[in-house]
1. Amide H to amide H under 5 Å from residue 574: which residues, 5+ apart in sequence or cross-chain, H placed 1.01 Å off N in plane?
2. Quick check: convex hull of the Cα atoms in the range 598-691, volume per residue, rounded to a whole Å³?
3. Taking a ≥ b ≥ c as the square roots of the eigenvalues of the Cα gyration tensor of the range 295-583, is the shape rounded (a/c under 1.5), prolate (a/b larger than b/c) or oblate?
4. If a paramagnetic tag sat 7 Å from the Cα of residue 690 along the Cα-Cβ line, which residues of the range 647-672 would have the backbone N under 18 Å from that point?
5. Could you check the spin-label model distance between residue 243 and residue 633? Points 7 Å from the Cα along Cα→Cβ, value in nm.
6. Provide the FRET efficiency to the nearest 0.05 for the residue 335-residue 431 pair, computing r from the beta carbons and using R0 = 30 Å.
7. Report, in listed order, any pair from 192/347; 293/685; 280/370; 370/567 with a Cα-Cα distance greater than 27 Å.
8. Please identify the chymotrypsin sites (Phe, Trp or Tyr not before Pro) of the range 597-643 that satisfy two criteria: DSSP loop assignment and at most 14 other Cβ atoms within 10 Å. Which are they?
Amino acid sequence: MGYHLFKTRAGMRPNPLLSTVTIKNWLLPAWFVKQSNPSGPGYVFDCCRFANLCYRNWTAFCDENGEETLAVDEEGTISFSKLGVSVEIWVKSGNAFFRPGRFFRTQQKAASNFLCIKTKNFFQNGFFESRIFRIDGSNGISMGMEIEFHAKGEYAFSNWLLLLVIRPFDHNGLAPINRMEYKNLHLKVNNKELIQFETEPNIVFCTQGGAGDITEYFKLEQNNDLVSSSAGNCTGMIGYLIRPADDLVNRVGLKIGPSKLFSSQEIYFSKGWLGVNEQKWISRFCYQHRMIKTDLKIDYLYQTNCNYLNMFSSNLNEGVDVYRILALNRLGLYEKSRAFLVAALKKVRWDGSIVSSKGLTPETLVCALKDYYRFSGDQKIIKDYWQVLRRIGFWLIQNKKSVPINLAPSCEWHLGWTCAALNELSKMGEICGAFEDVRFFREHFQELWADILSFFSHRVKGNLQEIFCKELSVIKLMDCLCLSFPLGLYPRNERFIEELILQVKTATYHGGVISPLEFQGVDLGLTAKLGSILLREGLQYEPIFKFLNETVSSTGSWPDRIHPVLKRGIGVTGHSPEVCCHFLLLLRNMMVMEEDGMLHLLPGVLSSFSWHYPNIELRRLPTIFGEISLRCRSVGDIIQIDFSADYRIKPQQIRLKLNAWDRLLYSDSVIGQTGKWVALGPDFKMLRLRRTIKISMS
């Protein structure tokens, strides 16, 4: 191992003082070796180079700033991302130690209606379940953990030893622990509160346990509650004697996080914390959990990622991008969306630029705000901040570049977001009655749009595939495709959009988009984004949706990049908020899409050959026209769709795209049918069709 293990985050964790020589003789756990070596040797597979064989998969918990503060890996090991410290759960039964990497079997899942990760670790005489969950304290957010034991038969009356082992490294490398102290139910690491215990432990053991197996130190029967080390190799064990048959002692409760987050009344908590916080979460977000129901594994992924989206989207998070706003709007989380937009609008300078380099840019801020208005109907935010929006518009016009015909590879390939922002500003000006501004922004939109059309018309005359291959990376190609989704500036089936998609597909592996970045591998964020683009263009999105289902963890989370064959994380983060956001956008668009004043129902379901006999229920799902409810039931070869809506604005039509198996039997409001497309009136209530699946025999 080399210095590549010493990955630090500026201002978040101390600089490592441990040399390569020092850690050379350490007995490092298997989970650490797997997760912390992202710069290992690469190899070539199917003419594509992939980085390594790491296992960087975990589930994140965030603080009130939306930043990862704690991560739980697949065996239940906890990593504190800011401190660089890990906590492992060990069990001593008889003379045997069971620890991560040595358990017989591990099962892990997330609660679908609450932010809680449950991990079962099985060993010779039974198993224990650890539950890590979010606690909304009076002054902030922290985490709680419960550990409960279950024994086989006569072993229920045996005495076991539960050990929490604190180590000076996490999944991002090594960081020193120069001081560790236990006092009055509180454990401090480097003078920072790490864990608060519910009951007094039976064993407290701190040592300078860097070299060798720390169990050898434990056999010395020392019992220190304070240790310091200039080398930074402090290690600790805190233990409880457990007798599974005794209900009074078979459960251990902890609070994880600094004590300042809690009032004095909350320091000593009880078993009821898990249930109390679960009910709080359910009461806040049960509306989102019930929006989409399919009776498939998709429901679990949808609900858990709704939880993750809420967790990542803290009101204090400055890194929220436009796609996060789009996802929040489509789930009806308007308060969160509005808070992000207002915070971004307050950062706009006098010249229309934005102070922060993270999150929303001037052009994406305008597009996100208009998207929020289309879903929520909130005109007040536009009227209150119209002067700020005008400044943004003037800044965009002043800084936009004309699209060159003879384009060099280093030039920007599109100004789609800027063009869309100018168009939206002209429409928002009508709301505010600023008709001079409406005309001004519309003229500049039309001018820029004409340049873009001219540019791509020129490119269409050449060999698009050769041009795109030479001048564009996969990232740039995907940026260009925002003209299709989410901006919808071009109609469907535009030739150059199809050429862009074909070129992106040359950089895919089994549906996943290969991203030649620092760690290479398959970029799951780009993959999910491509799925939404294919769905909007009426192309086959199913391989991508299948790929996402195959690569998701048991807790419903995805890393940012994966190994294409092993499907394990090899990127920077083991739980990506970007992939979570794009998955929710893709799933929602499979159920309903809006375009050109028309409402498309089940666009990713009825026309797909993957959904043979769908049973789907949508409850009060937000659209730009208002909330809709739908029930699609399959009985035999008959599919019936019942529909109701609470319109704010009526759509021109409701459209369904059928496939070759389907024949329309009845609807109470058919306007027309052209090929696979069925056009319905906005007040339709029911449709029935027959689906005959023909399986060819080879």
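The numbers here are math on the coordinates, done by the rules we state, and not lab data. Because the structure is a prediction, the values reported are computed rather than measured. Cβ placement follows ideal geometry from the backbone for every residue including glycine, while neighbour counts extend to all protein chains displayed.
1. Placed amide hydrogens put 58 under 5 Å from residue 574.
2. Residue-normalised Cα hull volume stands at 83 Å³.
3. oblate
4. Counting only backbone N, you get 658-668.
5. Between residue 243 and residue 633, the simple spin-label model gives 5.6 nm.
6. Given R0 = 30 Å and the Cβ-Cβ separation, E is 0.90.
7. Listed pairs above 27 Å: 192/347; 280/370; 370/567.
8. Values: sites: 609, 611, 625, 643; in loops: 609, 611, 625.
Taking the range 597-643 and a limit of 14 other Cβ atoms within 10 Å, the loop chymotrypsin sites (Phe, Trp or Tyr not before Pro) found are 609.
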